[in-house]
Each structure stands twice: as structure tokens, then as C-alpha cells.
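Okay, so here's the structure we're looking at.
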Amino acid sequence: MYDLYFSACAEDGGIYHYRFDGSNAPELAGICKCPMPMYAIRGKDKLHALLRAPFNDNTSGLVSYDIGIDGTPENPGKILSTKGIVACHLAEVDGNVYCVNYLSGSVIKMPDTVDVHKGRGVNQPRQDMPHTHYVSGSPDGKYILVTDLGIDKIFVYDKNLNIISTVDIPAGHGPRHLAFHDDGRTVFCVNELASTVSVLKYSDGELTLVETTDSLAGTEDNTAAAIRVEKNSVFVSNRGDNSVSELEYDGRLHYRRTYSSYGKDPRDMWVTEKMLILTNQTSNNVTFVSRKTGELLYELGMPCPISVLCIE
């Protein structure tokens, strides 16, 4: 049985909680109303959600919920400022919550340790300034990794946000999100602006770029979004093409196939052994797509779904 949480980033949206057994249509368990949630994660004993602009100065906020026995978010805490604009991703590492603010080009260890990036990239106007887009713990749990779409870099920090190292992604590609292979040494970076995937090797706080390959064959009018890894398959969602690419990793990346998203602008996804779960932002639907046949299995409607969290 899965608990599915969808962030519906609309003024009248919230976090939609569904229960799903993998074989029958998902059932709505409840809606946790909150203004424009951008992303949510399950921490050790809390569900943490980013709110796009809950304060009068348009800064973003972090709110944490208890998790009820039935999986429902409840008892929200005080909304804390992320000290930046358009917080879009977060992670919990060793009980501490880290967030990135896209329009401020910053990363914060809550509540008040902040590092602000500097610079610009070659792809104008998308890279007119730093745009932090993703934060997570490193594969060994020792460091904090942050992507910056605006300056084509991945940062490795210690847990107090002191820079340990950086690595450059090809100019103008725009690193967006990371995903990790089970081997703990291989890191995949989806690059939004060029619709590419970079393969990097990780070792004790250092990342080394190995290769960068196209995530989608034969399409120029596209921007890549989410990336997920399931065994040796790497999945990338494609906004513009409205699809998901599957690439095979055998030490190198090879294009395998493309699935329809059955919606417009798939922003985030979750991958199980049997299906893809996709949040289609512009068409206001969530789709469940068979990995075996590519057919649409189930569809849910909700306003502006942009991220999905799956708890088994």
C-alpha cells in the first residue's frame, strides 16, 4: 500500500493525500489545505512542505506537519521563512531541513544559515543570475549537494553550508535535479535547458563529470524537468514534448524509449517497478502510466499539480 502526496500549487490548492494499493484506482484520503505548496518530503517523523509565497514580502515558507496514523498530515507548525524567493526543493539530513530558493539563488539550513551564489551563465535570459534548484544529502550521507541551474554548477557543502567542492556542467545546459544509483558512486544530473543528462562519479565530497548525453532524441522545443532512477533505468520528464524518456545505464547512458505523459508539462514523477506517476502542471492532471505497455492506467484531476511524494 502506498501513501501518495501531491503538491497542488494553486491558491485554492494544497497537499492531496491518496491511498493506492498498486492494482486499483487511487482513493482520496484527504486534502491538507495550504497556499501554493511547491514541494513536500517525508522526514524522520514529519511531512515538510514548501509554500511559494506565504509572506507579504513574497518570500517562501516551510511548514511541517505531524503524520497521523492513517498517513494524513495534521497539526501544522509555524510557517518559517526560507529567507528567499520561490523555494522549490528541500531535504532533511540528520534531522536538519535544507531548502533552495530558485529566484534568490540561495540555499538555507533552517532556520538561518544561508549561502547565496554569485554569477551568471551563457544561456540568456534563463541564466541571468544564480538559480538554485535542488538540495539533498550526498550518497554517503556526509555532505549536502546543491544544483544551480543559473551558473551550470553543482555544489558540495558540509552540513553547515561551507563549500567543499564544485563541479561544472556543460555551459548553458542548466543543471536542475539529481538522482543516485544504488552503487552510491554514480550520480545523474538532469539538465533542464539543454534536455540532457550528465553522469558524474562521486567520492568523499568530490564529483567528477563523466559524460553528458541527450535525454530526448530529435526534439528541440523541450525542457527537461524531473529525474528518477530505478535499478539501471534513468527516467526524465519532458515539458514541451509532454513525455518521459527512459535511458539505460550500463556504465554509459543509452536512450531506450519514450512514454506519453497523457498531460501537459510533466514537472515531477515517481517511478515504481510497474508504473510512472506523473504530475502534469499545465493540464491539471496526475497520470499513472504502465512501464510495460505505455498505456494510461489511472488519471486524477487537481489544480496545478507539480510534485509527488510516494511512501510505501
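The values are calculated or read from the model by the stated rules, or taken from the named source; none is laboratory data. What you see is a predicted model; the values in this text were computed from it and never measured. Cβ placement follows ideal geometry from the backbone for every residue including glycine, while neighbour counts extend to all protein chains displayed. Just so you know, the surface numbers come from the protein's heavy atoms only, side chains and all, with ligands and any DNA or RNA stripped out. Shrake-Rupley method; radii C 1.70, N 1.55, O 1.52, S 1.80 Å.
Condition check for residue 161 on (1) open to solvent by less than 30 Å² (accessible area, probe 1.4 Å); (2) over 21 Å from residue 86 (Cα atoms): one failure, at (2). Restricting attention to the range 226-252, the residues that are closer than 23 Å to residue 288 by Cβ, over 15 Å from the mean Cα position of the chain (by Cα) and open to solvent by 30 Å² or more (accessible area, probe 1.4 Å) add up to 7. For the range 169-205, filtered to residues that are among the small types (Gly, Ala, Ser) and surrounded by fewer than 18 Cβ atoms within 10 Å (Cβ to Cβ), the residue that is farthest from residue 119 (Cα to Cα) is 184.
If you go through the range 86-105 one residue at a time, do you hit one that is touching an Asp or Glu at 6+ places or on another chain (Cβ under 9 Å) and outside any loop (DSSP other than H, G, I, E, B)? Spell out how you get there, then give the answer.
Taking the range 86-105 and keeping what is touching an Asp or Glu at 6+ places or on another chain (Cβ under 9 Å), we get 98, 100, 105.
Among the residues that remain, those that are also outside any loop (DSSP other than H, G, I, E, B) are: 98, 100.
There is at least one residue in the range 86-105 that is touching an Asp or Glu at 6+ places or on another chain (Cβ under 9 Å) and outside any loop (DSSP other than H, G, I, E, B).
Exactly one residue out of 213, 223, 208 is open to solvent by 20 Å² or more (accessible area, probe 1.4 Å), closer than 26 Å to residue 168 by Cα and in contact with a Gly (Cβ under 7 Å, 6 or more places away or on another chain), and it is 223.
Considering only the range 109-147, how many residues are assigned to a loop (DSSP other than H, G, I, E, B) and of a type in the set (Val, Ile, Thr)? Even if it seems obvious, please write down each step before you answer.
Restricting attention to the range 109-147, the residues satisfying the condition of being assigned to a loop (DSSP other than H, G, I, E, B) are 110-112, 117-131, 138-143.
Remaining after also requiring of a type in the set (Val, Ile, Thr): 122.
Residues that pass the stated criteria total 1.
Within the range 1-52, the set of residues being open to solvent by 50 Å² or more (accessible area, probe 1.4 Å) and touching a Gly at 6+ places or on another chain (Cβ under 6 Å) comprises 31, 33.
Would you call residue 94 surrounded by fewer than 15 Cβ atoms within 10 Å (Cβ to Cβ) and in contact with a Pro (Cβ under 9 Å, 6 or more places away or on another chain)? If you could, list the steps in order and put the result at the bottom.
Values: surrounded by fewer than 15 Cβ atoms within 10 Å (Cβ to Cβ): yes; in contact with a Pro (Cβ under 9 Å, 6 or more places away or on another chain): no.
No.
Out of 153, 109, 142, one residue alone is in contact (Cβ under 8 Å) with a residue 12 or more places away in the chain and under 27 Å from residue 196 (Cα atoms). It is 153.
Could you grab me the full set of residues in the range 107-128 that are among the basic types (Lys, Arg) and open to solvent by less than 80 Å² (accessible area, probe 1.4 Å)?
Going residue by residue through the range 107-128, those that are among the basic types (Lys, Arg) are 109, 118, 120, 126.
Once the filter is applied, which keeps residues that are among the basic types (Lys, Arg) and open to solvent by less than 80 Å² (accessible area, probe 1.4 Å), the range 107-128 yields only 109.
Let's see how each residue does on (1) hydrophobic (A, V, I, L, M, F, W, C); (2) not in a loop (DSSP other than H, G, I, E, B):
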site: 194; (1), (2): yes, no
site: 199; (1), (2): yes, yes
site: 202; (1), (2): no, yes
site: 208; (1), (2): no, yes
site: 211; (1), (2): no, yes
site: 228; (1), (2): no, yes
site: 235; (1), (2): yes, yes
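Of all the residues in the range 253-312, those that are open to solvent by less than 60 Å² (accessible area, probe 1.4 Å), among the acidic types (Asp, Glu) and part of a strand (DSSP E or B) number 1.
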